[in-house]
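Down below is the structure, laid out as structure tokens.
The values are calculated or read from the model by the stated rules, or taken from the named source; none is laboratory data. Note that this is a predicted model, so its numbers are computed, not measured. Here Cβ is always computed from backbone atoms with ideal geometry, including for glycine, and neighbour counts include all displayed protein chains. Just the protein is used for accessible areas: all its heavy atoms, side chains included, with ligands, DNA and RNA removed. Shrake-Rupley method; radii C 1.70, N 1.55, O 1.52, S 1.80 Å.
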Amino acid sequence: MTGFLKNIDKNWTLFLDRDGVINKRIYGGYVQHWEAFEFLPGVRESLAVFSRIFGRIIVITNQQGIAKGIMNETQLEAVHCKMFAEVEKAGGKIDAVFHCPDEASKPGNCRKPSAFMALKAKKMFPEIDFSKSIMVGDAESDMAFGKNAGMFTVLVGNETVSPEIVDFKTGDLSSLVTLLIREIL
């Protein structure tokens, strides 16, 4: 099941969901400012390791709080700038964040599970090969996004997800780092 992990090198791209994977999810709410952003344990250290393994690290996040008027693009950008800085301080990198501000109810929205944000990432970074990409997320929409784009999928956390769209399941990013190191070394 983890055979695809053995082949990972700088030609691979790591796609990460944000809320619930990088930072603590606020159930029923939104990270509107930096003070509400809380890195999950081991994430900064994990991103430092991933930065040495993967060619690109891309964050993909649904942010319908913008369409609902709860927050705005400037607030979201400020959170992401601070997130980038904190990751860099820990020795890691994030190449880009793509977000969808649409409400889930909007017809034809750009939200996961649509592959829209993956295609935006490929437009910015043409070297991205979805067959050499992994989507890590904590929800069904993340796994479906990965499959819709032709990626391998890794589910973190305890969410119940259709098993046919999950290639591997692990507890958190730190567990994935341990597994990756064991597989590729």
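What length, rounded to one decimal in nm, is gained on full extension from Ile70 through to Met124, with 0.36 nm per residue of separation minus their alpha-carbon distance?
16.6 nm
Lysines near Lys169 by alpha-carbon distance under 21 Å, same-chain residues fewer than 8 away left out - which ones?
Those lysines meeting the cut-off are Lys6, Lys24, Lys112, Lys132, Lys147.
What ranking do 28-41, 145-158, 106-119 get when scored by the average of other Cβ atoms within 10 Å per residue, highest first?
Per-residue Cβ counts within 10 Å, averaged per peptide and sorted highest first, yield 145-158, 106-119, 28-41.
No partner Cβ under 4.7 angstrom, meaning no disulfide-compatible partner by this rule: which Cys of the chain qualify?
Unpaired cysteines in the chain: Cys81.
Quick check for you: which residues of the range 117-132 have the amide N under 19 Å from the point 7 Å beyond the Cα of Asn7 toward its beta carbon?
Only 127-132 pass the distance filter.
When the helix-only estimate is applied to the chain (DSSP H runs of n ≥ 4, each -39,500 (n - 2.57), divided by the residue count), what is the mean residue ellipticity at 222 nm, nearest 500 deg cm²/dmol?
-9500 deg cm²/dmol
Excluding ligands, DNA and RNA, what is the solvent-accessible area per residue of the range 1-51 at a probe of 1.4 Å, expressed in Å²?
Here the per-residue accessible area is 48 Å².
When every alpha-carbon pair in the range 15-88 is counted, what percent end up more than 16 Å apart?
Tail of the P(r) past 16 Å holds 49 percent of the pairs.
Computing the accessible area with a 1.4 Å probe over protein heavy atoms, can you report the carbon and sulfur percentage for the chain?
53 percent
Taking a quarter of the surface of the convex hull around the Cα atoms of the range 109-157, what do you get in nm²?
Across all orientations, the range 109-157 yields a mean hull projection of 3.1 nm².
Glu183 to Lys82: FRET efficiency via 1/(1 + (r/R0)^6), r the Cβ-Cβ distance, R0 25 Å, to the nearest 0.05?
0.20
Tell me, what are the semi-axes, in whole angstrom and largest first, of the equivalent ellipsoid of the range 64-140 as set by the roots of 5 times the Cα gyration tensor eigenvalues?
Equivalent ellipsoid semi-axes, largest first: 22, 20, 11 Å.
Hey, any idea what the orientation-averaged projected area of the convex hull of the range 43-185's Cα atoms comes to, in nm²?
Averaging across all directions leaves 9.0 nm² for the Cα convex hull.
If we sort 164-172, 42-50 on the protection proxy, mean other Cβ atoms within 10 Å, highest first, what's the order?
42-50, 164-172
Which aspartates and glutamates, on any chain, are close to Lys123 with Cα under 18 Å apart, when same-chain ones fewer than 8 places away are left out?
Output for Lys123: Asp95.
Which of the listed residues, Ala118, Gly42, Thr61, is farthest toward the dipole's positive end in the range 41-143, when Lys, Arg count +1 and Asp, Glu count -1 at the beta-carbon?
Value: Ala118.
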